[in-house]
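**Q** The structure's right below; bear with me while I get my questions together.
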Amino acid sequence: MFPFAQRICVFAFAAAGLFVQPAPAQSTPAPVSATHTSGMIGIVYGQFARVNALNPGVDAPATGVTCSATLEFVDGDGVLLKSKTVSVAPGKSMYLDLFADADLMLTGTDRREIRAMITPPVVVTATASSATCKLIGTLELVDEPSGRTEVVLGVVHPVPSATPTPNP
């Protein structure tokens with residue numbers, strides 16, 4: 001009986017191997033969003049802040065890719081102050097301005113800490129175009145009457161899952 005049991009076990013294991021399916025590969029990767037932020041900077045009456053997004057890609061019809069992103073300003077508490085969704089063609093740039101007086105209602109010696117963020121759309125599946133879409137961001141602080149740039153910061157610090165609080 002022992003040889004019979006051995007044959008049955010060998011058959012059972014072989015048959016089990018035929019019906020065992022490997023776990024399906026995950027077809028949809030987790031969403032990826034590469035939000036980048038600047039450091040904090042103070043803004044006062046008579047100034048405006050500008051977040052720039054440059055697409056350094058080559059001009060079309062070569063291999064350039066138009067990049068989409070949301071440009072945002074948030075304050076020190078993470079409250080969303082202003083935002084705009086842009087599409088940036090290869091070799092071009094887009095911007096969003098935040099005015100201390102008109103947008104933030106600052107007067108006299110009022111000061112508000114702000115930072116800029118650039119968030120591309122969430123990519124669920126990697127494609128050739130999404131992999132090559134890169135934006136270079138800067139934050140400028142500009143003297144409004146003269147138009148002179150006073151400070152420039154890079155918008156280069158990655159932020160995982162950045163979701164600013166909506167302005168109440």
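**Q** Within the range 27-38, is even one residue assigned to a helix (DSSP H, G or I), modelled with pLDDT under 95 and either loosely packed, with under 12 Cβ neighbours inside 10 Å or of a type in the set (A, V, I, L, M, F, W, C) (or both)? Break it down stepwise before answering.
**A** First, the residues of the range 27-38 that are assigned to a helix (DSSP H, G or I): none.
Checked against the condition, which is being assigned to a helix (DSSP H, G or I), modelled with pLDDT under 95 and either loosely packed, with under 12 Cβ neighbours inside 10 Å or of a type in the set (A, V, I, L, M, F, W, C) (or both), the range 27-38 yields no hits at all.
**Q** Taking strands (runs of 3 or more DSSP E) that do not extend beyond the range 88-168, which have at least 2 residues that are at pLDDT 95 or above and crowded, with 19+ Cβ neighbours inside 10 Å? Steps first, please.
**A** Values: elements: 93-99, 111-119, 136-143, 149-154, 157-159.
Result: 93-99, 111-119, 136-143.
**Q** Then there is this: Identify all residues within the range 39-76 that are at pLDDT 90 or above, within 18 Å of the chain's Cα centre (by Cα) and β-branched (Val, Ile, Thr); write none if there are none.
**A** Val51, Thr70, Val74
The values are calculated or read from the model by the stated rules, or taken from the named source; none is laboratory data. Being a predicted model, the structure only gives us computed values, none of them experimental. Please note: Cβ atoms are built from the backbone with ideal geometry, for glycine as well, and neighbour counts cover all protein chains shown.
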